[in-house]
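Novice: One structure, as C-alpha cells, below. Some questions next.
Bear in mind that the values in this text are calculations on the coordinates, not laboratory data. Computed from a predicted structure; not experimentally measured. Virtual Cβ from ideal backbone geometry, glycine too; neighbours counted across all protein chains shown.
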Amino acid sequence: MRTLRVISWVLAGMAPLLGTPTDSLAQNYPNQVVRVVVPFSAGSITDGLARILADKLAEVWKQQVIVENRPGLPGTTGVAKSPPDGYTLMLTSNGHTIAGAINKNIQFDPVKDFAGVSRVASVPLVAIVPPELPAKTLKEFIALAKERPGQLNFSSAGVASTSYLSAEIFKQDADINIVHIPYKGAPEATTAVIRNDAQMYFAPIPATQELTATGKVRALAINSAKRVPQLPDVPTVAETLPKYKYESWFGVFAPAGTPEPILTKVSEDIAKVLEMPDVKEKLLAQGSIPAPTTPSEFDAINKADTERYGKLLKEAGITPQ
C-alpha cells in the first residue's frame, strides 16, 4: 500500500513536467497541412484576407497552410462537421452571425458549432450616394428621407451582406423609411447608386476612394467608431447618430470542441502575423483594419452579434427562407 502511495506522489510531481495530452498537441501543432476554408468565392475580401494570413502562418509554422474556397452554407457546414483537431479552420465575415436568421434549413448553429479563434480585421463601410442627390451630409439625407418616406432606396449585396446590415441598422436608428433593394453582389449594388437607381449604399473604402475621386458618388459617412486615415474628411455615422454601432468584421473559427491550447496558439500566432508591417500595409490597402482578439473575446463577439442581428432582422420583417 505504501509503495502505491509513493508511486502516486511521484506521478503527481511529474504531471506538470509531462503536461496534459492537449498541451502536448499544442506544442506539436501543426505537424501536418492546415486547411483554411473560406465560404466565399475567390477574389472576395474574405478570400484575400485568408490568403494573406495563410501565407504568413505557413512561414511561422514551417507547415503548409492551404486556402479552400467553398462558397455558401455547404462550406460552413463542412467546417462545423470537421474533426476538432485544429487542422480545419474557417475564415469568414460577420455574415456568419445571421446564417440562422435567414436560412430555414440550416445544418449548423453559428455559435454552438464553432469555437472562436480570433477576429482578424474590421472593415469599415462608407455610406455613398449619387452626386445629384440633394443631400450633402448624413443629417440632410435623414431629413430628405423623412420628407419622402418610402421614396428613397438603399442597395446591398444581399440580405446576408455587411452592406445590408450596416444600412438596416442606420435605417432603424434614424427612424426613416427607405426601401431595401438587394443585388447579386457589391459591383451591382454600387452601380445602382452611380445610376441613381438606389440613393445609398455602404461601400468598402477602396471603392469609395476611387468613385469619389472621379465624382461618380458622394461619401456621406463611415460606419467605423472613429474616422479613418484613408478618408479623413468623411465623418462617422455616430457623429450624426450617437447610438449607431455596427462593425463589419472578419475572423477565424474552428469546429467546436477544438482543444483550448490549440485555439490559443493559433490566436497568438495570428496576432503576431497581424503585427507584421507588410501585412498591415496589405490590409490597409484593401480597407481592412487589423483587429485580433483572444478566442474567448471572439466567442463573446460572435454570440452577442448573433443575438443582436437576429433580433434586428426579425424587426425588419426578414424571415428564414
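Novice: Take the Cα pairs of the stretch 125-239, get the Kirkwood Rh, then feed it into Stokes-Einstein at 4 °C and 1.567 mPa s and tell me D in µm²/s.
Specialist: Working: Rh = 13.7 Å.
The estimated diffusion coefficient comes to 95 µm²/s.
Novice: Let me ask another. Report the dimensions of the stretch 262-309 along its three principal axes from the alpha-carbon atoms, largest first, rounded to Å.
Specialist: Taking the Cα atoms of the stretch 262-309, the three principal extents are 35, 27, 10 Å.
Novice: Report the FRET efficiency, 1/(1 + (r/R0)^6), for Arg148 and Asn103, where r is their Cβ-Cβ distance and R0 is 41 Å, rounded to 0.05.
Specialist: Details: r = 34 Å, r/R0 = 0.82.
My answer for the efficiency is 0.75.
Novice: Starting from the Cα of Lys139, draw a straight line to each of the lysines and keep only those under 25 Å, dropping any in the same chain fewer than 8 residues away.
Specialist: Reachable lysines: Lys171, Lys216, Lys226, Lys243, Lys245.
Novice: For the stretch 100-199, what's the relative contact order in percent, using C-alpha pairs closer than 8 Å and at least 6 residues apart? Provide the component values of the computation, followed by the final result.
Specialist: Details: 100 pairs, mean separation 30.0, N = 100.
After rounding, I find 30 percent.
Novice: Where in the chain is the longest stretch that carries no GluC sites (Glu not before Pro) classed as loop by DSSP and with at most 13 other Cβ atoms within 10 Å?
Specialist: Details: sites that count: Glu132, Glu275.
The reported range is 133-274.
Novice: Then there is this: Would you compute, from DSSP H runs of 4+ residues alone, the mean residue ellipticity of the chain at 222 nm, taking -39500 (n - 2.57) per run and dividing by the full residue count, rounded to the nearest 500? Please report the intermediate quantities before stating the final value.
Specialist: Details: 12 runs with 140 residues, N = 321.
One gets -13500 deg cm²/dmol as the mean residue ellipticity at 222 nm.
Novice: Tally Lys and Arg at +1 and Asp and Glu at -1 over the other residues with C-beta under 13 Å from the C-beta of Ala50: what net charge comes out?
Specialist: Working: positive: Arg35, Arg51, Lys56, Arg70, Lys282; negative: Asp47, Asp55, Glu68.
Combined, the nearby Lys, Arg, Asp and Glu give +2.
Novice: Right, something else. Can you work out ³J(HN,Hα) from phi for every residue in the stretch 155-169, in order, using Karplus 6.51 cos²θ - 1.76 cosθ + 1.60 and θ = phi - 60°, giving whole Hz and x for Gly and Pro?
Specialist: Using θ = phi - 60°, the values come out as 9, 8, 8, x, 4, 7, 8, 5, 5, 5, 4, 4, 6, 5, 5 Hz.
Novice: Angle between the Cα long axis of helix 2-18 and the longest principal axis of the chain, 0 to 90 degrees, nearest 10?
Specialist: 40 degrees
Novice: What is the fewest-to-most order of Val111, Val237 by other Cβ atoms lying within 10 Å of their Cβ?
Specialist: Details: Val111 18, Val237 27.
Least to most surrounded, the residues fall as Val111, Val237.
Novice: If you don't mind, there's one more thing I want to ask. Report for the chain the percent antiparallel among DSSP-assigned beta bridges with both residues inside it, nearest 5.
Specialist: Of those bridges, close to 60 percent are antiparallel.
Novice: Find the relative contact order for the chain and round it to a whole percent, using C-alpha pairs within less than 8 Å whose residues are 6+ positions apart.
Specialist: Numbers: 585 pairs, mean separation 84.6, N = 321.
It rounds to 26 percent for the chain.
Novice: Follow-up. Let me check I've understood the local charge: for Trp249, count other residues with C-beta under 12 angstrom from its C-beta, Lys and Arg +1, Asp and Glu -1. What total comes out? The partial results should precede the final answer.
Specialist: Working: positive: Arg119; negative: Glu247, Glu297, Asp305.
Residues close to Trp249 contribute a combined charge of -2.
Novice: Got a sec to turn the phi values of the stretch 135-140 into Karplus ³J(HN,Hα) couplings, 6.51 cos²θ - 1.76 cosθ + 1.60 with θ = phi - 60°, whole Hz, x for Gly and Pro?
Specialist: Listing the rounded values in order: 8, 8, 9, 5, 4, 5 Hz.
Novice: Still on this structure, please answer the following. Under the rule of at least 5 residues apart or a separate chain, name every residue whose amide H is placed under 5 Å from the amide H of Phe40.
Specialist: Those qualifying (amide H under 5 Å, at least 5 residues apart or on another chain) are Arg70, Gly72.
Novice: Kindly state, to the nearest 0.05, the FRET efficiency for Lys81 paired with Lys136, given R0 = 51 Å and r defined as their beta-carbon distance. Write out the running numbers ahead of the final one.
Specialist: On the way: r = 51 Å, r/R0 = 1.00.
So, using R0 = 51 Å, E works out to roughly 0.50.
Novice: Still on this structure, please answer the following. With just the Cα atoms defining each centre, how far is the stretch 262-278 from the stretch 89-123? Give it in Å.
Specialist: 20 Å
Novice: Name the residues whose placed amide hydrogens come within less than 5 Å of the amide hydrogen of Ala203, ignoring near sequence neighbours (fewer than 5 apart) on the same chain.
Specialist: Distant-sequence amide H within range of Ala203: Val126, Ala127, Ile128.
Novice: Classify the chain as rounded, prolate or oblate from the Cα gyration tensor: take a ≥ b ≥ c as the square roots of its eigenvalues, call it rounded if a/c is under 1.5, otherwise prolate when a/b beats b/c and oblate if not. Walk me through the numbers on the way to the answer.
Specialist: On the way: a/c = 2.51, a/b = 2.12, b/c = 1.18.
Taking the square roots of the gyration eigenvalues as a ≥ b ≥ c, the chain is prolate.
Novice: Tell me which residues come under 5 Å, amide H to amide H, from Phe114 once H is placed; ignore anything under 5 positions away on its chain.
Specialist: Here the answer is Ala256, since their amide H atoms fall under 5 Å of that of Phe114.
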